[in-house]
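The structure appears below as structure tokens.
Coordinate-derived values only; no laboratory data. This one's a predicted model, so the numbers in the text were calculated from it and none came from an experiment. Note that each Cβ is placed from the backbone with ideal geometry, even for glycine, and that neighbours are counted across all protein chains shown.
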Amino acid sequence: MTNLTDIDRGAMTRAIETVRKSRARRRQVDDMLASRPFERVGRFAAFSCQMDALHLDPWETPPVWITDVDASLKAPNDAHHIPGSARLSNA
């Protein structure tokens with residue numbers, strides 16, 4: 001992702017705000033914001049939120065990692081559950 005839309009930026013902002021509510025993550029996210037691009041921190045925060053909200057196992061693919069929905073929907077449904085993640089990211 002190189003050109004963030006207003007929707008993308010808003011979603012990443014909300015994800016960052018959500019992750020910062022955790023005392024354990026607040027400092028980590030603040031340090032990341034001070035030294036890394038907003039998009040990278042936003043994707044990290046979205047990943048964290050999706051792992052928690054969707055109760056994903058460590059080997060499963062969160063929707064934030066899906067970059068090509070059509071190709072992901074055609075992927076074999078293995079332990080990573082990529083087609084299911086693609087359906088979520090396309091919703």
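Structure notes:
- Net charge, Asp52 excluded, C-beta distance under 12 Å - Lys, Arg +1, Asp, Glu -1: +2
- Pairwise FRET efficiency - Leu33 versus Asn3, Cβ, R0 = 30 Å, nearest 0.05: 0.90
- Per-residue ³J(HN,Hα) for region 30-46, Karplus 6.51 cos²θ - 1.76 cosθ + 1.60, θ = phi - 60°, Hz, x for Gly and Pro: 4, 5, 5, 4, 6, 10, 10, x, 3, 4, 5, 5, x, 5, 4, 5, 4
- Added length on full extension, which subtracts the Cα-Cα distance from 0.36 nm per residue, Val69 to Glu17: 16.1 nm
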